[in-house]
Ligand SMILES: Nc1ncnc2c1ncn2[C@@H]1O[C@H](COP(=O)(O)OP(=O)(O)O)[C@@H](O)[C@H]1O
Ligand SMILES: [Mg+2]
């Protein structure tokens, strides 16, 4: 394989492609992470100003975001507590009914996932609003409470997600295990608790995690159902709408860190399970040595990572960028001072020059053309024509296209001086040059 | 005299919609008996067993265990323990937890459970494996753990659904003797299901041969093999040569059949009375046929040898007679020489070694 890809050059291409792909995937995250530590009040890398951890502080001091966060956590826990049992019940019901009924029921239960979140949000308000009216509740009642409505709205589709997780797990369940338990004397309840539930354990964990994430990051539905309140996501969205600052990057850093730590612990757990399951653990050097055994244990890794994170947070909170920023301000002030000084000098000089000949045209040094005076036709004119001074020509083409520069050609010029011809084509197209000399 | 280990199938029929999985099963399994149901796969054996253990209700008839009607008794209340075709050991539990599960659900304390599990592990000759996970055991060990778990229930009747089908040949043969030994030690009623006639014949006290939901014969293994009562049993149990024809004459328990291979005589099975002209089949086992040296046999068949297969202990010769092929097996006793293909051979057999059976249900043979 490697030989063939070497000969075709595919290897190089594949590496290049992978690098590009990773850059595409992780570039934004990396850049965002860096901007969180730049003191510039707009999230950017260049110009780099000062390394700072102040944006984390700014994030935590943001009242709106923090109250949204606590609302989100509360709603998330509620959603998990309701949708996991609901999803489990749905999945169990589906596994029990006859195949034909199952297809129909499945389609019905899956609809909330297919319906756009916006529709769910609006219909949740409308539905619970009419329930509220039915019971004669006033507008301060629970059916007009943003948290309750958000909970209700999110559960409608997150319970369906949870159900999908459980269905996937149940499909791998061997129903003869339940029969075996019954046959061995277990009551149906015991068979459920001792056989099916332990099997579903991992699925309950992942369904709960997924429900929490789905609830936390939901915007489409929540933005309607939360009414005048705020969840973390809606607070964030309105913050972004008002203009962004690097405290959002700081938030991204926190989320990335939490995700990475979680992923590493999970990976350690999976590897350990794999080792134990295949029975290679006893032969692995990592496992026979008690120190490395502890270090590769998910709990060990978790403790190490959390320790590192805590140390970083502490170091960050101790970091003081005030000195650097004061320096920076000082520098800026110095630069401004210098510019001001120069400006003043220039004005002074001009004043001095203008006093002796007030009628002289502006200095060539004031020529705004980027080419200086090089293309200025006036610069080529041997005798300075009176006004208008060509040096004031603002065109970067130095008057080459200036119609007024061509005007003397069309009219019989009193003193046609070829060297003063402003055409970029020399005289080639000058009709005057073709005319027989009078 | 009924013991509480008796099982009676009282005209049991089980239907799934229009499909009849078990058709009017009527038999008594005596306490302490090793009883086998033998039949091709799909004939309704598992369904019948699940009916005894309570997972399927009979559409008609009753199941009696120890003289009690089991109609409204749920599976966990029946004195039966079922060993599933796939064993159904609990993968998340250790071996000891598996074996102690029946005690756990009956509220036996942890210490007592472990003690009993260790006793049962000793009994199945797997001491010290209690803390292993199920997947760490070999196929044969798992098999024995499943048996131990079922015995922990202290059932009156142990039901086994093709428990050896997943094992390799050597282990299967070893487990046959083992199962039989366990059954004799614990003295339970074993109801054993298999499509492997070797298993059924070696282990059982009695065998019921099933075909498409119908129990065709219930007998001791020798009787099933030597005196099949239907054409299906004759062709399903063991090797058999079938020659069909019409009855020429029938008298005093024997019948003469006009076949393409000539007029052949055999026992009229089960003392049946045939009339001349009845469509019948004469069955004669390969090991009951002999190469004829003299001419005084009643039954003689002349044919050409197609080929002879060497199987170590025996040689199987395939002889063509008209359109039919007849197999004859000969013990490799070191004296007989191999036959050459194309050779003309004469086969002979005693009428007592041939069975004449009516054609019915022949269609299902080899299904
Ligand atoms: N629950 C059921 N619903 C419909 N048909 C069934 C059911 N259980 C078994 N059958 C049918 O009954 C027949 C006998 O099945 P089974 O008892 O498993 O056969 P065996 O164990 O002898 O191989 C099969 O054709 C099978 O399709
Ligand atoms: Mg079966």
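The values are calculated or read from the model by the stated rules, or taken from the named source; none is laboratory data. What you are looking at is a predicted structure, and each value in this text was computed from that prediction instead of being measured. Don't worry about glycine lacking a Cβ; one is built from the backbone with ideal geometry, like all the others, and counts go over all protein chains shown.
Name the one entry in B:150, B:200 that is within 16 Å of ligand 1 (Cβ to nearest atom), touching a strand residue (DSSP E or B) at 6+ places or on another chain (Cβ under 6 Å), modelled with pLDDT of 85 or more and part of a helix (DSSP H, G or I).
Of the residues listed, the single one that is within 16 Å of ligand 1 (Cβ to nearest atom), touching a strand residue (DSSP E or B) at 6+ places or on another chain (Cβ under 6 Å), modelled with pLDDT of 85 or more and part of a helix (DSSP H, G or I) is B:200.
May I ask you to list the residues in the stretch B:16-38 that are within 16 Å of ligand 2 (Cβ to nearest atom) and more than 14 Å from chain A (Cβ to nearest Cβ)?
Residues satisfying the conditions are B:19, B:21, B:22, B:25, B:36, B:37, B:38.
Scan B:13, B:94, B:41, B:74 and give me the residue that is exposed (fewer than 14 other Cβ atoms within 10 Å of the Cβ) and more than 16 Å from ligand 2 (Cβ to nearest atom).
After ruling out the rest, the residue left standing is B:74.
Which ones in the stretch B:151-198 are closer than 13 Å to residue B:34 by Cα and loosely packed, with under 15 Cβ neighbours inside 10 Å?
Residues satisfying the conditions are B:177, B:181, B:184, B:185, B:187.
Checking the condition modelled with pLDDT of 85 or more, assigned by TED's automatic domain parsing to the domain that holds residue A:158, in contact with a helix residue (DSSP H, G or I) (Cβ under 7 Å, 6 or more places away or on another chain) and within 30 Å of residue A:315 (Cβ to Cβ), which residue from A:72, A:83 passes?
Numbers: A:83 fails: within 30 Å of residue A:315 (Cβ to Cβ).
Just one listed residue meets the conditions, A:72.
Out of all the residues in the stretch B:233-276, which are in a loop (DSSP other than H, G, I, E, B) and touching a strand residue (DSSP E or B) at 6+ places or on another chain (Cβ under 8 Å)?
If the condition is that a residue be in a loop (DSSP other than H, G, I, E, B) and touching a strand residue (DSSP E or B) at 6+ places or on another chain (Cβ under 8 Å), then B:237, B:239, B:240, B:253, B:260, B:261, B:272, B:273, B:274, B:275, B:276 are the ones that fit.
Restricting attention to helices (runs of 4 or more DSSP H) lying wholly within the stretch A:173-225, give those where 2 or more residues are without any contact (Cβ under 8 Å) to a residue 12 or more places away in the chain and within 14 Å of another protein chain (Cβ to nearest Cβ). Show your work before the answer.
Working: elements: A:175-183, A:188-191, A:197-217, A:222-225.
Helices (runs of 4 or more DSSP H) meeting the threshold: A:175-183, A:188-191, A:197-217.
Considering only residues that are assigned to a loop (DSSP other than H, G, I, E, B), within 14 Å of chain A (Cβ to nearest Cβ) and either without any contact (Cβ under 8 Å) to a residue 40 or more places away in the chain or on the phi < 0 side of the Ramachandran plot (or both), which ones fall in the stretch B:72-98?
From the stretch B:72-98, those assigned to a loop (DSSP other than H, G, I, E, B) are B:72-74, B:78-79, B:85-86, B:88-93; that's our starting set.
If we keep only those that are within 14 Å of chain A (Cβ to nearest Cβ) as well, we get B:73-74, B:78-79, B:85-86, B:88-93.
Answer for the stretch B:72-98, where residues must be assigned to a loop (DSSP other than H, G, I, E, B), within 14 Å of chain A (Cβ to nearest Cβ) and either without any contact (Cβ under 8 Å) to a residue 40 or more places away in the chain or on the phi < 0 side of the Ramachandran plot (or both): B:73, B:74, B:78, B:79, B:85, B:86, B:89, B:90, B:91, B:92, B:93.
Going residue by residue through the stretch B:218-232, is there one that turns out to be within 16 Å of ligand 1 (Cβ to nearest atom), out of contact with any strand residue (DSSP E or B) (no Cβ under 8 Å at 6 or more places or on another chain) and assigned by TED's automatic domain parsing to the domain that holds residue B:123?
no
Does at least one position in the stretch A:137-159 carry a residue that is at pLDDT 90 or above, more than 14 Å from chain B (Cβ to nearest Cβ) and either part of a loop (DSSP other than H, G, I, E, B) or closer than 30 Å to residue B:106 by Cα (or both)?
No, the conditions are met nowhere in the stretch A:137-159.
In the stretch B:44-71, which residue that is in a helix (DSSP H, G or I) and within 12 Å of chain A (Cβ to nearest Cβ) is surrounded by the fewest Cβ atoms within 10 Å (Cβ to Cβ)?
So, considering only residues that are in a helix (DSSP H, G or I) and within 12 Å of chain A (Cβ to nearest Cβ), the one surrounded by the fewest Cβ atoms within 10 Å (Cβ to Cβ) is B:46.
Only residues that are modelled with pLDDT under 80 and either away from chain B (no Cβ under 14 Å) or loosely packed, with under 15 Cβ neighbours inside 10 Å (or both): list them for the stretch A:264-288, please.
A:276, A:277, A:278, A:279, A:280, A:282, A:283, A:284, A:285, A:286, A:287, A:288
Hey, could you check the stretch B:21-43 for residues that are touching a helix residue (DSSP H, G or I) at 6+ places or on another chain (Cβ under 8 Å) and in a loop (DSSP other than H, G, I, E, B) and say which is farthest from ligand 1 (Cβ to nearest atom)? Before the answer, list the steps.
Just the residues of the stretch B:21-43 that are touching a helix residue (DSSP H, G or I) at 6+ places or on another chain (Cβ under 8 Å), to begin with: B:21-22, B:25, B:34, B:36-40.
Right, trim to in a loop (DSSP other than H, G, I, E, B) and you get B:39-40.
Values: B:39: 6, B:40: 7 Å.
Once the filter is applied, the top-ranked residue is B:40.
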